[in-house]
Amino acid sequence: MSTPGSQAASPRRPLDGIVVADFSRVLAGPYATMLLADMGATVIKVESPNGDDTRLWMPPERDGIGTYYLSVNRNKSSIALDLADEQDLRTAYAILDRADVFVENFKPGGLARFGLDAESVRERWPRLIHATITGFGTAGGASMPGYDLLVQGMSGFMHVTGHPDADPQRAGVAIFDVVTGLHTAVGILAALLERQGSGDGLGQHVALNLLSSALSGLVNQTTGYAAAGDNPQRLGNDHPSLYPYGPFPTADQDLIICVGNDHQFARLVQTLGVPELAADPRFESVLLRNQNRDELRVLMVEALAAGTADHWFQRLQAVGVPCAPILDIAQGVQRADDLGLEPVVPVGAPGTRQVPLIRNPVSFSRTPVAYPKAPPHLDEDAADVRAWLEATPARRHDADRAADPEAVR
């Protein structure tokens, strides 16, 4: 066994040989490291003796483990370490001695007493890519806990989400934890490429925070303010710059219709039996349709009442007008399966514990992602990790070894 949790039958993957020491908890960090693990990185999940909080976030659960935890921790090896214990801290150091990437989302300053703050890591492990995730940065927001819902509120996201006459709404998922996890994975991959091409083999500190990721993820909404001074408001399911673009009632239920240009609008109204609307001076451009959306909505609802959502879905799809039904989660997963996307995959090698989870969305033509290992139980892989430490030499600079000749190797 070359790495903890490895499977001999696994195909070659893009990040084979990269070792990630994952000290992160909950969602943003674990999501990023799971993506790297799917792509072949060896990810060692270092947990406290109590384990990642999300193990107990239920319902729902599977075999006594919260599905929240299962959603972001496949393909990892778990070892429980108490960093306040001297021997466990030395084991943590030994893992970092062999790692390419260190990911953590402790509160700012929380790792300093263990010698794992950014400055100490840079001095002791200069080749390491050190990714830090905080809620609101390390300056004025250093003391603020990084819960996604707080970021949804403070970023302006909730202010633009919901009906204009109702209260602001949160998203149905911890959206900015996920966005930050994606940004973290991108930052780590960029830092690995830079290290490979730099010639000096040195790593760097990659710092992310949920609020900055949220403001970036709000794209046109925040840019409208930054570039044009526009402060967007709640529009319900309407789009601030496009119309029609949202759900519309039919004879039985709502159907989402998304029109992004004049050609799509012409095909829409032709199919609805009101082709004259394409040449109506109130609706003949994107800007005019936005300015006269109330009048257009009345006419569209009247036309759509002549058929069911499925009737219009079939007809509009046939002429290339973007549209979709509103499904629940179960129906959404089933629809993806119907489309041949195979959204659910068994995670875990044949003959081992397997868990059905959602597929990694990235598809590689030569080095596909793989799912050899189910999300680990707490400390499940401690023996494998320790055996790997014994069998694997440290990858530290000579200067670091000389500074700490007693370090575990």
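No value in this document is a laboratory result; all are computed from the given coordinates. Model, not experiment: these values are computed from the prediction. Cβ atoms come from the backbone with ideal geometry, glycine included; neighbour counts cover every protein chain shown.
Values for this structure:
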item	result
Ascending count of other beta-carbon atoms within 10 Å, so fewest first, for Phe23, Phe114	Phe114, Phe23
Reachable aspartates and glutamates, given that their alpha-carbon falls under 17 Å from the alpha-carbon of Lys76 and they are not under 8 places away in the same chain	Asp16, Asp22, Asp38, Glu47, Asp52, Asp53, Asp100, Glu104, Asp379, Glu380, Asp381, Asp384
Choice from Val355, Val43, Val321 with maximal GNM fluctuation in the chain (Cα, 10 Å cutoff)	Val321
Candidate aspartates and glutamates for bridging to Lys107, where Cα separation is under 13 Å - those fewer than 8 sequence places away on the same chain excluded	Asp117
Summed side-chain charge close to Arg282 - residues other than Arg282 whose Cβ falls under 11 Å, Lys, Arg +1, Asp, Glu -1	-2
Alpha-carbon Debye profile of the chain, log10 I(q)/I(0) at 0.07, 0.10, 0.14 Å⁻¹	-0.43, -0.80, -1.24
Net charge contributed by nearby residues that have their C-beta within less than 13 Å of Leu36 (K/R +1, D/E -1)	0
Order of Glu47, Glu86 - criterion: other Cβ atoms within 10 Å of each residue's Cβ, fewest first	Glu86, Glu47
Where N is the number of residues in the stretch 245-330, Cα Rg divided by 2.2 N^0.38 Å	1.03
Cα-centred dipole magnitude for the stretch 245-330, charges only on beta-carbon of K, R (+1) and D, E (-1), debye, nearest 20	180
